[in-house]
1. Quick one: in segment 34-53, of everything that is touching a residue at least 12 places away in the same chain (Cβ under 8 Å) and within 30 Å of ALA119 (Cα to Cα), which residue is surrounded by the most Cβ atoms within 10 Å (Cβ to Cβ)?
2. ASP188 - would you say it is touching a strand residue (DSSP E or B) at 6+ places or on another chain (Cβ under 6 Å) and within 28 Å of ALA18 (Cβ to Cβ)?
3. Would it be correct to say that PRO217 is surrounded by fewer than 21 Cβ atoms within 10 Å (Cβ to Cβ), in contact (Cβ under 8 Å) with a residue 12 or more places away in the chain, farther than 26 Å from LEU66 by Cβ and assigned by TED's automatic domain parsing to the domain that holds CYS114?
4. With the structure loaded, tell me whether GLY229 is more than 23 Å from the chain's Cα centre (by Cα) and not in a helix (DSSP H, G or I) or whether it fails that test.
5. In contact (Cβ under 8 Å) with a residue 60 or more places away in the chain, among the charged types (D, E, K, R) and either assigned to a loop (DSSP other than H, G, I, E, B) or touching a Cys at 6+ places or on another chain (Cβ under 6 Å) (or both) - does that describe any residue in segment 197-209?
6. Going through segment 6-29 one residue at a time, which ones are buried (at least 19 other Cβ atoms within 10 Å of the Cβ) and more than 26 Å from the chain's Cα centre (by Cα)?
7. Take ARG253 and tell me if it is in contact with a Leu (Cβ under 7 Å, 6 or more places away or on another chain) and surrounded by fewer than 22 Cβ atoms within 10 Å (Cβ to Cβ).
8. Check whether at least one residue in segment 206-218 is within 21 Å of the chain's Cα centre (by Cα) and under 19 Å from GLY100 (Cα atoms), and report yes or no.
Amino acid sequence: MASALAAAAVDLAKAGVASPRVDAELLAAHVLGVFRGRLPLIDTIRAAELTRFRELVEQRARRIPLQHLLGTAAFRYVELAVGDGVFVPRPETELLAGWGVERTMPGAVVVDLCSGSGAIAVAIADETKAGRVIAVERSPAALTWLRRNTAGYLVAEVVAGDVTDPALLSELRGSVDVLLCNPPYVPDGTAVPAEVSGHDPAEAVFGGDDGLEIIRPVIELAAALLKPGGSVGIEHDDVHGEAVPELLRADGRFIEVTAHRDLTGRPRYATARRR
């Protein structure tokens, strides 16, 4: 087992994978059906398992996302089903979700816009006593994954809709307690890793020339949906550390606008309260 892991890590490093040893170990644990921490206790594996492991390593070397090969992505305290057609949730988004969890009181109405796999919505439903969690997504392919991931949560509702539509969720105007959004925000033409360019849906990644094409209508929608004192949190690109807070201030309907950084110190999301 040790030699197979070492060889896999070398191959993945040569292919430009950012965490070759970790990815090799996670793939091996997946094939063997064990926790990654138990791998040192395994001396040998069957021929069929070794063949399957090498197949997965070869696919990862072609920069197929690790989460696609595993079939799931870890997000806070849950495992989300992911695959072709849906954006793989990133660890940095856990910070925005955590901020939302802290502000979700029992019985609250929470809206997750551009929900994708449902990562934020599921985290809120899993960790709080929210009264309703509404996840909004427009992509038919992503909606399939979203419905699958939210199926086990009674408070979670899925809405097929476009966040640029000002009439979206009109029945909730002025009644939402917390609104969260991880929209497509990478400026068009920005170089992205092979896993992103080859497998994440472009409509879930790129946000127009300046990356703010979706964020602008999201801010407008948040102002309409939130009740007075309600909270909004929006993830953004690291080049938007000043732009998104400024858009929130310029709207005039928000107070306590705050910029937040991720664990690497990069600007990552902005929050505010409805005036």
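1. Among residues in segment 34-53 that are touching a residue at least 12 places away in the same chain (Cβ under 8 Å) and within 30 Å of ALA119 (Cα to Cα), the one surrounded by the most Cβ atoms within 10 Å (Cβ to Cβ) is PHE53.
2. yes
3. It is true that PRO217 is surrounded by fewer than 21 Cβ atoms within 10 Å (Cβ to Cβ), in contact (Cβ under 8 Å) with a residue 12 or more places away in the chain, farther than 26 Å from LEU66 by Cβ and assigned by TED's automatic domain parsing to the domain that holds CYS114.
4. Taking the combined requirement at face value, the residue satisfies it.
5. Among the residues of segment 197-209, at least one is in contact (Cβ under 8 Å) with a residue 60 or more places away in the chain, among the charged types (D, E, K, R) and either assigned to a loop (DSSP other than H, G, I, E, B) or touching a Cys at 6+ places or on another chain (Cβ under 6 Å) (or both), which makes the answer yes.
6. Scanning segment 6-29 gives ALA8, ALA9.
7. So ARG253 fails the test.
8. yes
The values are calculated or read from the model by the stated rules, or taken from the named source; none is laboratory data. Bear in mind the structure is a predicted one, so any value in this text is a computation, not a measurement. Note that we place each Cβ from the backbone using ideal geometry, even for glycine, and neighbour counts take in every protein chain shown.
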